[in-house]
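Each remark here refers to the structure printed beneath this line.
Computed from the coordinates by the stated procedures, all read-outs in this text should not be read as laboratory data. In this text the structure is predicted, and so the values were computed from the model without any measurement. Backbone-built Cβ (ideal geometry, glycine too); neighbour counts: all protein chains shown.
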Amino acid sequence: ATSFGIEEALQKLGIKEVNPGTSTGNKWFSGEDTIASYSPVDGKLIGKVTVTTKEDYEKVMESATAAFKTFRTIPAPQRGEIVRQFGNKLRELKEPLGKLVSYEMGKSLQEGYGEVQEMIDICDFAVGLSRQLNGQTIPSERPGHVMREQWHSLGVVGIISAFNFPVAVWAWNTALAWVCGDVCVWKASEKAPLCSVACQNIIAGVLKENNLPEGISCIINGDYKIGEMMTNDTRIPLISATGSTRMGRIVGAKVAERFGKSLLELGGNNAIIITPTADLKVVVPGAVFGAVGTAGQRCTSTRRLIIHESVYNKVRDAIVGAYAQIKIGNPLDETKHVGPLIDKDAVAMYLNAIEKAKAEGGNVLIEGGVVKGEGFESGCYVKPAIIEAKNHYEIVQHETFAPILYLMKYSGEVENAIDMQNGVAQGLSSAIMTNEMKEAEKFLSYSGSDCGIANVNIGTSGAEIGGAFGGEKETGGGRESGSDAWKVYMRRQTNTVNYSDELPLAQGIKFDL
Ligand code: UN1
């Protein structure tokens, strides 16, 4: 038996040895092929999920398109009520679901719970939003006329999610999509398929209790070929995809070709600028959590520290000192800070990145490497590394999904640091540590950070759901979660109504018959 109550958690979530990987809600479909999910924590097989067949995909799409026609007629606040009940179920199941996330994906238990908390938070947000899907009234240039803008449900939303946030990213999308009157088809990462089964079990119960039709929440499972069925499917007006820039380039192009919309959340290359007035009490935890939290596998993970030369040695020594305190080990053990990487491929990429950084001239301050010995049998545990590097190194320009932190110096004014921060292809998250008001405002101004997220005196990761989440450039341009991100899940309609007895034309055009 596995320790830390995993067996019990799996049971509470309805996870079996072999699980059907395709579902339209309370109906499940099994194919022959399976994906085995091994835990990076101890290398053990957790369970299997069947791969979606072409025929079953068709059943899912038929069910989803039919459900949409009913679901969009239910008043938005009533759809909000469904999401409210879903949020309550998540509150009840926070412990087992958080544990499964931690065990299947490898992030610390605290972060596993945090991820479920993000799901609960977005449900609460969506419930309020269900009464605020407001359009506007626009003054018409013509007498006796009024213009309006309305937001209508869009249709089937296809969700492709990554292994690193195996449940929260799905919820960011579904909670909003559902209150907007859309139905969802989710292809989870093949590296965390059991999380999709667990989530589907939870929402299926809510849908059943409310006598709602099949097709409002669907899951499909498999590799990229299963995702491709969705990207090529004209019945899906919106694809929301989280993952690598490589994946997003393909998905974005495919979806655009058929005039679908895509919401892309791709790679980041996030930096913290550390200025001469930065407070070390804030800098050290901010930078260290950003770099080693989730073993560096967040798209918002801190990859680069851009430090002013006048404080460089002091900051470097403080960060290096803090790394000495980091405990690597079983993420279910709450005394550990850093768990494993997702799999051995990720370990190989991490090792390769360190070699490349060295070959390009990087100076290793904290040696990386694979952790061996008792408790580390999965072969997925690595040491967080620190390397002094130059921003232009090819490896520094590239997102490596692992705990490797690059330190670099800037001199002179903050503008030089901002140039370095912006001098990468990605544009997700960024931060400045400063007590100088002018520096902070410059960083946030039009000529400051070019990222979708720009923070002052906090790190690059750990965004709250209330703000819109996403970034520019190779990060893909999508925004999900808070603010007005809901609009992408709806279609905008402009209405002009004439309540006069005449028909004046716009722009003063005369058309006399
Ligand atoms: C991701 O890494 O894909 O800001 C999402 C954060 C989290 C979300 C990260 N709230 O770190």
(message) Cut-off 20 Å, label point 7 angstrom out along Cα-to-Cβ of Lys510: give me the residues of the range 121-151 whose amide nitrogen falls inside.
(response) 142-143
(message) Can you work out the Karplus-derived ³J(HN,Hα) for every residue in the range 256-270? Use 6.51 cos²θ - 1.76 cosθ + 1.60 with θ = phi - 60°, whole Hz, and x for glycine or proline.
(response) 5, 4, 9, 6, x, 9, 10, 10, 10, 10, 10, x, x, 8, 7
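At 0.36 nm per residue, minus the direct Cα-Cα distance, what do Lys27 and Gln397 gain on full extension? Give it in nm, one decimal, please.
So the extension gain works out to 128.6 nm.
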(request) May I ask you to list the trypsin sites (Lys or Arg not before Pro) in the range 265-368 that are in a DSSP loop and have at most 11 other Cβ atoms within 10 Å of their Cβ? (result) Lys327
(request) Provide the per-residue ³J(HN,Hα) series for the range 83-96, in order, calculated from phi with Karplus coefficients 6.51, -1.76, 1.60 and θ = phi - 60°, each as a whole number of Hz, with x at glycine and proline positions. (result) 5, 5, 5, 4, x, 5, 4, 5, 4, 5, 9, 4, 5, x
(message) Given the DSSP H assignment, sum -39500 (n - 2.57) over each helix run of at least 4 residues in the chain and divide by its residue total; what's the result at 222 nm in deg cm²/dmol, nearest 500?
(response) -11500 deg cm²/dmol
(request) Find, among the chymotrypsin sites (Phe, Trp or Tyr not before Pro) in the range 350-446, those assigned to loop by DSSP (not H, G, I, E, B) with at most 16 other beta-carbon atoms within 10 angstrom. (result) Tyr446
(message) I'd like the Kirkwood hydrodynamic radius of the chain, using the inverse of the mean 1/r over distinct C-alpha pairs, in Å.
(response) 24.0
(message) Can you give the FRET efficiency to the nearest 0.05 for Glu92 and Asp333, using r as the Cβ-Cβ distance and R₀ = 25 Å?
(response) 0.55
(request) With a point put 7 Å past each Cα toward its Cβ, work out how far Asn352 is from Ala66 in nm, to one decimal. (result) 4.6
(request) Could you sort 465-471, 266-272, 453-459 so that the peptide with the highest average Cβ count within 10 Å comes first and the rest follow in order? (result) 266-272, 465-471, 453-459
(request) Please work out the FRET efficiency for the pair Gln493 and Ile250, using the Cβ-Cβ distance as r and a Förster radius of 41 Å; give the result to the nearest 0.05. (result) 0.85
(request) Could you tell me which of rounded, prolate or oblate describes the range 57-137, using a ≥ b ≥ c as the square roots of the eigenvalues of the alpha-carbon gyration tensor, with rounded for a/c under 1.5 and, failing that, prolate when a/b is larger than b/c and oblate otherwise? (result) oblate
(message) List the pairs from Lys336/Lys356; Lys16/Lys107; Lys44/Lys107; Lys48/Lys187; Lys44/Lys99 whose alpha-carbon separation is above 20 Å, in the order I gave them.
(response) Lys336/Lys356; Lys16/Lys107
(request) Sort out for me the Cα centre separation of the range 36-78 from the range 154-220, rounded to whole Å. (result) 7
(request) Mind giving me the nanometre distance, one decimal, between the label points for Leu503 and Lys438, set 7 Å out from Cα along Cα→Cβ? (result) 6.4
(message) Check which residues have an amide H placed less than 5 Å from Leu405's amide H, if you skip close sequence neighbours.
(response) Ala385, Ile386, Ile387
(message) Suppose every Lys and Arg Cβ carries +1 and every Asp and Glu Cβ carries -1, with no other charges. What dipole size does the range 209-363 come out with about its Cα centre, to the nearest 20 debye?
(response) 440
(request) Sort the range 107-248 into rounded, prolate or oblate with this rule: let a ≥ b ≥ c be the square roots of the eigenvalues of the Cα gyration tensor; rounded if a/c is under 1.5, and if a/c is not under 1.5, prolate when a/b is larger than b/c, oblate otherwise. (result) prolate
(message) Give me the extension gain from Lys208 to Lys314: residue separation times 0.36 nm, minus the current Cα-Cα distance, reported in nm with one decimal.
(response) 32.3 nm
(request) Identify the trypsin sites (Lys or Arg not before Pro) of the range 11-53 meeting these criteria: DSSP loop state and at most 15 other C-beta atoms within 10 Å of the C-beta. (result) Lys16, Lys27, Lys44
(request) Distance between Cα centroids, the range 322-384 to the range 109-130: provide it in whole Å. (result) 29
(request) On a C-alpha basis, how far is the centre of the range 3-19 from the centre of the range 297-317 in Å? Whole number, if you could? (result) 40
